[in-house]
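Trainee: This structure is in structure tokens; I'll ask about it shortly.
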Amino acid sequence: MHGAVMEYGDTIFAASSTPQEFVTFCNRFKNDQMQYLNCLHGIGHEIVSKVEKPLDELLRYCPSLDAYSKSACVSGIFMEYSKGERGMGEHSHKKVYTRGLPCDFVHEAYKSICYASAGAYRQYEVDSEPFKDSYQFCQNAPEKYRNSCMMNLSERIGFIYAGDLKRAKRVCEKLSGPMHFDCLHSFEILSDHK
């Protein structure tokens, strides 16, 4: 859904469209929570591709949505922003996380989503960087955001290993110290939620 909305949005949303119109577009999917959240994520991509404003201003276009809906929209903004192009009129086809996310500098209301997104997006593309580097990034995140960064990173690595969390968890064996234990803990939590 999020890819379909990005492609469709490139053609149906004119330069004169407002980000509020983008978000309202997703209301037609509210009866299916998964579709609705994926639509909002795609709309986040469209906001970045169509609106030439600083990142902090773009994040405010995911308006008074509930926490999950806001997170879906904002994570779409972060994903498109991480491709390194914006305001081009259409979403970018560059690799995700071509540009790092400025999580230290976004407004406090968006920091948690930013670190969670960065954790996942660092491993979004095949062979993007060594797993150790991604876990080191999460380990270096401010303590209050470290867990969400680790969880999203480990979830993404689980996806890379086709959902086999036992195999994916083996990446933790190559880590040392607190990073090793935080990695293991994140996979334990993911296993509990399966």
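The values are calculated or read from the model by the stated rules, or taken from the named source; none is laboratory data. Worth saying up front: this structure is predicted, and the values here are computed from it rather than measured. As a convention, Cβ positions derive from the backbone with ideal geometry for all residues, glycine included, and neighbour counts pool all protein chains shown. These accessible areas exclude ligands, DNA and RNA; they are computed on the full protein's heavy atoms, side chains included. Shrake-Rupley method; radii C 1.70, N 1.55, O 1.52, S 1.80 Å.
Trainee: Based on the alpha-carbon set only, what is the convex hull volume of region 38-149 divided per residue, in Å³?
Mentor: 94 Å³
Trainee: So how do Glu108, Glu125, Glu80 rank on accessible area, 1.4 Å probe, biggest first, that is with the largest at the start?
Mentor: Glu108, Glu125, Glu80
Trainee: Per the 1.4 Å probe, what fraction of the accessible area of the chain, in percent, lies on carbon and sulfur atoms?
Mentor: Percent of accessible area from carbon and sulfur atoms in the chain: 51.
Trainee: Heavy-atom accessible area per residue, the chain, 1.4 Å probe: how many Å²?
Mentor: With all protein chains present, the chain gives 52 Å² per residue.
Trainee: Taking each pair of distinct Cα atoms in region 92-185 once, what is the resulting Kirkwood hydrodynamic radius in Å?
Mentor: After inverting the pairwise mean of 1/r, the radius is 13.3 Å.
Trainee: Right, another one. What is the helix-to-structure angle for 131-140, meaning the angle in degrees between its Cα long axis and the longest Cα principal axis of the chain, kept from 0 to 90 and rounded to the nearest 10?
Mentor: 80 degrees
Trainee: Projecting each Cα onto the charge dipole of the chain (Lys/Arg +1, Asp/Glu -1 at the beta carbon, about the Cα centre), which of His45, His91, Leu153 comes out farthest on the positive side?
Mentor: Toward the positive end, the furthest listed residue is Leu153.
Trainee: Could you list, in their original order, any pairs among Lys50/Lys111; Lys30/Lys174; Lys30/Lys53; Lys95/Lys169; Lys111/Lys169 whose Cα atoms are separated by more than 32 Å?
Mentor: Result: Lys30/Lys174 exceed 32 Å.
Trainee: From the helices alone, meaning DSSP H stretches of at least four residues, give me the mean residue ellipticity at 222 nm for the chain, per-run term -39500 (n - 2.57), in deg cm²/dmol to the nearest 500.
Mentor: Value at 222 nm, helices only: -19000 deg cm²/dmol.
Trainee: Now for a different question. Round to the nearest 0.05 the FRET efficiency obtained for Glu52 and Asp127 when R0 = 25 Å and r is the Cβ-Cβ distance.
Mentor: Efficiency at R0 = 25 Å is approximately 0.20.
Trainee: Given springs between every Cα pair under 10 Å in a Gaussian network model of the chain, which of Val106, Val126, Val51 has the largest fluctuation?
Mentor: Val126
Trainee: Can I ask one more? Taking a cut-off of 16 Å between Cα atoms, list the aspartates and glutamates near Lys144, but don't count ones fewer than 8 places away on the same chain.
Mentor: Asp104, Glu108, Asp182
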